[in-house]
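A.B. asks: Can you keep this structure in mind? I'll have questions shortly.
The values are calculated or read from the model by the stated rules, or taken from the named source; none is laboratory data. In this text the structure is predicted, and so the values were computed from the model without any measurement. Here the Cβ is made from the backbone with ideal geometry for all residues, glycine too, and neighbour counts use every protein chain on show.
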């Protein structure tokens, strides 16, 4: 069997302030939709037996209408090509309770051959000579172990595990979020012919048989050096080949030493470096300024950069601080915070009687859940 492994498409993500003149949509959001459909066309050209998506199809648990229609269009193209889709829910598009409707319930009605695991449990599907063992993002870390213990490997088929989380072997944990769970080495078992991982946005091999495909797009400037795309996999032969997929470029224009340099010369150097990259229209670029100080007055004249900014989606001018190399706490994605769990932890630490804690937890969670539901409704 030949499969294509992708993950972390984050459909619906919007960034920067530029709008598409034709649709009025956030331009970055539109780029991600358009590139995703172009990637589907490229995948179809590879003629895989299955497309595997290892989580975070959508950027939020309540996707925008355009995110839904983009996925439905992709399913139409895969259906016409006769390519099944196997997909799991990641932490961004997984509901936070068992009683919230999942976005995957909508796309599951499509007539194409789609297997979607999103119900907080282990599922499996047999396609051709391969059994896909699916463990979506779970509510609690221990749920991964419970799900994994239900896996029974097929002796007569190739076995592929698809799951979403951060492998403990990865030292780079800049993606850390409250809803993220670590995958220990026993779950990433060598008994599987292939393990398709999602969540980590840099394409990387974790063990002999376990790979992150990486996200298909550059989603933040922190990913500027990451490898993007998909993986073309023959799990029976243990062959993995990187697959280039359409994406919006993000270029690192390097570091400019600013000490003793006139602000006007710094501006000219920024322009020269961006121009030298010969980027396509509406790409993203970053330049780092090292040594900016009071001697530079108000700094560079941003008006002089208007010409190159016009051709870019975004130009990030990053000022390097003296303390940049010191460790900093991991950033958390506030959209992923489990506020009910955070509140319970807070109450537990307070000097209260058992009865007071019981009342505070009961009443407090009720009020907090009500406020959260109201907020979600107004956000839509």
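A.B. asks: Among the residues of region 7-24, how many are out of contact with any helix residue (DSSP H, G or I) (no Cβ under 7 Å at 6 or more places or on another chain) and either under 21 Å from residue 311 (Cα atoms) or without any contact (Cβ under 8 Å) to a residue 12 or more places away in the chain (or both)?
C.D. replies: Total satisfying the criteria: 4.
A.B. asks: Check off (1) under 25 Å from the mean Cα position of the chain (by Cα); (2) without any contact (Cβ under 8 Å) to a residue 24 or more places away in the chain; (3) surrounded by fewer than 15 Cβ atoms within 10 Å (Cβ to Cβ) for residue 306 and give me the number that stays unchecked.
C.D. replies: Only one criterion in (1) under 25 Å from the mean Cα position of the chain (by Cα); (2) without any contact (Cβ under 8 Å) to a residue 24 or more places away in the chain; (3) surrounded by fewer than 15 Cβ atoms within 10 Å (Cβ to Cβ) is unmet by residue 306, namely (1).
A.B. asks: Quick one: would you say residue 49 is touching a strand residue (DSSP E or B) at 6+ places or on another chain (Cβ under 7 Å), assigned by TED's automatic domain parsing to the domain that holds residue 80 and either over 28 Å from residue 80 (Cα atoms) or touching a residue at least 24 places away in the same chain (Cβ under 8 Å) (or both)? Write out each step before concluding.
C.D. replies: On the way: touching a strand residue (DSSP E or B) at 6+ places or on another chain (Cβ under 7 Å): yes; assigned by TED's automatic domain parsing to the domain that holds residue 80: yes; either over 28 Å from residue 80 (Cα atoms) or touching a residue at least 24 places away in the same chain (Cβ under 8 Å) (or both): yes.
Criteria met by residue 49.
A.B. asks: Please go through region 131-142 and give me each residue that is over 16 Å from residue 194 (Cα atoms) and either crowded, with 23+ Cβ neighbours inside 10 Å or in contact with a strand residue (DSSP E or B) (Cβ under 9 Å, 6 or more places away or on another chain) (or both), ordered by number. Walk me through it before giving the result.
C.D. replies: Within region 131-142, the subset over 16 Å from residue 194 (Cα atoms) is 136-142.
Result: 136, 137, 138, 141.
A.B. asks: Another one. List the strands (runs of 3 or more DSSP E) that sit entirely inside region 112-165 and contain at least 2 residues that are more than 23 Å from the chain's Cα centre (by Cα) and closer than 27 Å to residue 48 by Cα.
C.D. replies: Values: elements: 114-117, 123-127, 130-135, 158-164.
Passing ranges, in order: 123-127, 130-135, 158-164.
A.B. asks: Let me ask you something else. Could you identify the single residue in 287, 347 that is in contact with a strand residue (DSSP E or B) (Cβ under 9 Å, 6 or more places away or on another chain), modelled with pLDDT of 70 or more and surrounded by 11 or more Cβ atoms within 10 Å (Cβ to Cβ)?
C.D. replies: Working: 347 fails: in contact with a strand residue (DSSP E or B) (Cβ under 9 Å, 6 or more places away or on another chain).
Result of the check over 287, 347: 287.
A.B. asks: Same structure, new question: Answer yes if at least one residue in region 221-231 is under 30 Å from residue 127 (Cα atoms) and not in a loop (DSSP other than H, G, I, E, B), and no otherwise. Don't jump to the end; show me each part of the working.
C.D. replies: We begin by selecting, within region 221-231, every residue under 30 Å from residue 127 (Cα atoms); these are 227-231.
Now narrow it down to the ones that are not in a loop (DSSP other than H, G, I, E, B): 230-231.
Yes, there is a match, as at least one residue in region 221-231 is under 30 Å from residue 127 (Cα atoms) and not in a loop (DSSP other than H, G, I, E, B).
A.B. asks: Please pick out the residue among 271, 224, 266 that is under 27 Å from the mean Cα position of the chain (by Cα) and either surrounded by fewer than 21 Cβ atoms within 10 Å (Cβ to Cβ) or not assigned by TED's automatic domain parsing to the domain that holds residue 10 (or both). Show your work before the answer.
C.D. replies: Values: 271 fails: under 27 Å from the mean Cα position of the chain (by Cα); 266 fails: under 27 Å from the mean Cα position of the chain (by Cα).
Result: 224 is the single residue among 271, 224, 266 that is under 27 Å from the mean Cα position of the chain (by Cα) and either surrounded by fewer than 21 Cβ atoms within 10 Å (Cβ to Cβ) or not assigned by TED's automatic domain parsing to the domain that holds residue 10 (or both).
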